[in-house]
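What follows is one structure encoded as structure tokens, with my remarks underneath.
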Amino acid sequence: MNANVYVDAFNLYYRAVRGTPWRWLDLEALALCLLDSRFTLHRIRYFTAPVKPRQSDPDGYRRQQVYLRALRTIPELVVHEGHFLTNATRLPLANPPPGGPGYARVVRTEEKGSDANLAAYLTRDDAKRDAQAAFVVSGDSDFAGVIRMVRRDFNFPVHVVDPAGNRSRHLRSAATKYHPLDHALLPQCQFPTKLTDRTGIITRPPSWE
């Protein structure tokens, strides 16, 4: 049976690889580890948004673009990009000082589009029978509703692999099968230090070594 893999990029990054040596992650290798012998990998959809350069991390955008180049060397993988929305807003303080202000003006950055894109492509692919099963790599319980709908309305199996561990009872109840991502797989699923594409050599960012 063919299977599609849907990767919630920021959930995977922040829950599994941030601050580790395993950020140069080969998603094809990881996907093949997640599928058992019943399944053949058909497609990987990777949902992300271009990060904006920040004063605290001016090279973050460049590192992400290098990684996206590496991912695009995988024939079965498609990158779907949302965007970030940044605005200033007024929020209440958790512990306001006695007699002091109860609010602070902060800059809030929100990722827009990636979750909606994942839900839309999961529904579209399942309705069109683009594969015979889906694997969703995310621990975001917001996906529980669409997973439940796809299973009910299309009689389509949806497996959830949670990068955060065995945490979400909502995803567990919605999915055909729910299990935590085995972080021991990450060292085994790394790209080579150097790859090539049509434009030249792609090198793992030095700070990721």
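Where a number appears in this text, it was derived from the coordinates with a stated rule and is not lab data. All of these numbers come straight from a predicted model, not from anything done at the bench.
A few points about this structure:
- Reachable aspartates and glutamates, given that their alpha-carbon falls under 14 Å from the alpha-carbon of residue 177 and they are not under 8 places away in the same chain: 36, 162
- Amide H to amide H, with H built 1.01 Å from N, residue 136 comes under 5 Å of 6, 159, 160, 161, counting only residues 5 or more places away or on other chains.
- The candidate values were [x] 18.8, 65; [y] 15.5, 44; [z] 15.9, 53; the one computed from these coordinates for Rg and Dmax of the Cα atoms in Å carries the label [x].
- Helix-only [θ]222 nm of the chain, DSSP H runs n ≥ 4, -39500 (n - 2.57) each, per residue, nearest 500: -7500 deg cm²/dmol
- In summary, the aspartates and glutamates within cross-link reach of residue 194, defined as a Cα separation below 18 angstrom excluding same-chain residues under 8 places away, comprise 26, 28, 209.
- Contact order, relative form, for the chain: 25 percent (alpha carbon pairs under 8 Å, 6 or more residues apart, mean separation divided by residue count).
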